[in-house]
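Data block below; observations after.
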Amino acid sequence: MLVEVLLDTTIHVHYGFLILGAIEEERPGDRTDGYRGQVNGLCGAAVPGVLTMHTGLHTGRVGMRIELHTDEPELGDVWQDVVEAYFGSRSEELLLSAFDSAEGPVDLPPGFYRVRYCAQDMQRGHDVDTRPDDEPVDRYMLQFWPAVGVDRVVRQGSEVAGYRHRHSTDPALTGEELAGQVAVLRQDRDDRLAEEAEEELLAIWDGQIPDDPRLREGGWGAASLRQVDPALAQALVEADDELRRAVTVWCAERILAAAGLLDRSWTPSILAALREGTSPPNRFDVIHTLPSMPIMPGLGDDHAADQDIAVEMVFSTVETVFNAAVGTSTLATACEMCAAAREYGDSMDFTDAIRTTFGQLFR
């Protein structure tokens with residue numbers, strides 16, 4: 001019986017691999033370790049708490065669905081390649097990751113499972129090799145169900161051992177119990193994130209409650225901006241949504257200009273998305289126009305790193321603005337972008353420029 005769909009998404013792969021493991025753990029350095037001693041070469045489970053999977057596609061997006069069942073599910077006809085292994089995890093929060101992307105969390109309750117890895121059109125993905133658009137060529141599925149009957153009694157020579165054997169046969173978890181564990185994981189995470197966000201916000205406010213309670217509605221962005229420019233933060237509280245959007249676009253232009261990206265073909269679409277709520281360009285297409293990021297800070301082209309950071313910052317703002325279009329306040333977005341633009345360049349120049357450009361904010 002299907003208990004939960006833990007993940008149903010697409011993920012961008014590079015070098016044709018995926019990893020499922022604890023969020024807090026480092027990714028294994030040598031992925032071949034996951035296949036040591038195994039018969040199957042598609043889903044490596046030899047490293048405890050980590051699954052390493054091969055995909056057919058070398059670079060591009062693949063589909064991935066992760067399911068939790070009470071017992072072994074039926075095998076659908078659409079899957080041409082199917083392997084199984086055992087997987088044990090103590091983590092309460094798993095992440096599906098690739099070379100340069102991640103999806104999740106995957107709320108698989110800690111335990112020991114049988115896992116089935118299914119592949120559809122893996123050969124076609126291998127033949128295509130690289131696909132620049134977002135439409136997956138090959139699709140995959142992981143199915144988990146509690147592992148039962150995997151142990152055995154090799155020899156019994158004492159009555160007390162026999163007694164223990166008779167009283168160690170608790171049944172496997174039911175679907176209701178598994179679903180309850182998943183719900184607890186999700187609620188605990190929501191509570192933890194809410195608590196962390198509140199603690200972070202209080203730390204930024206530094207114990208000082210702002211005079212205008214509306215400023216607190218701006219959250220982290222308003223708190224950050226208030227620390228460095230309280231007059232601007234208060235001015236944005238008084239501004240309407242249209243003016244806040246104009247400020248957000250202006251900040252995005254400054255960030256892109258500082259990174260040398262203002263003349264790119266996709267820049268007008270990004271700025272229009274911020275200004276009008278239209279669809280932005282495909283993130284993958286934009287990133288592929290940029291130089292490769294340095295592997296570690298201080299290595300390679302620092303300007304390339306600046307460009308990647310600028311694009312990521314502006315895309316994040318586009319998504320926030322879309323949320324604002326459906327009812328969320330634009331105050332937090334405008335404050336966050338002002339704080340970011342101020343830090344991205346000369347802070348004094350930013351202070352003078354925004355007051356010159358948006359004099360109506362300070363009347």
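Laid out as a table, the results:
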| read-out | value |
| --- | --- |
| For peptides 94-103, 55-64, sequence by mean Cβ density within 10 Å, most packed first | 55-64, 94-103 |
| Ratio Rg/Rh [Cα only; Rh per Kirkwood] for the range 50-208 | 1.11 |
| Length added when fully stretched, VAL150-LEU262, from 0.36 nm per residue minus Cα-Cα | 34.3 nm |
| MET1 accessible area, 1.4 Å probe, all protein chains in place, Å² to nearest 10 | 130 Å² |
| Most positive-pole-ward Cα, HIS69, ALA46, LEU95, against dipole of the range 1-125 from beta carbon charges | ALA46 |
| Stokes-Einstein translational diffusion, the range 104-175 - Kirkwood Rh over all Cα pairs, 1.306 mPa s, 10 °C, in µm²/s | 95 µm²/s |
| Long-range HN-HN contacts of GLU4 with modeled amide H, under 5 Å | LEU68 |
| Neighbourhood net charge (14 Å Cβ-Cβ; Lys/Arg +1, Asp/Glu -1) for VAL247 | -1 |
| Positive minus negative residues near VAL115 (Lys, Arg vs Asp, Glu; Cβ under 12 Å) | -1 |
| Global form of the range 1-116, assessed from the alpha-carbon gyration tensor, a/c cut-off 1.5 | rounded |
| Relative contact order %, the range 80-237, counting alpha carbon pairs below 8 Å whose residues are six or more apart | 16 percent |
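The values are calculated or read from the model by the stated rules, or taken from the named source; none is laboratory data. Please read all numbers here as calculations on a predicted model, not as lab measurements. All Cβ positions, glycine included, derive from the backbone under ideal geometry; neighbour counts span all protein chains shown. Accessible surface is based on the protein model in full, side chains and every heavy atom, while ligands, DNA and RNA are left aside. Shrake-Rupley method; radii C 1.70, N 1.55, O 1.52, S 1.80 Å.
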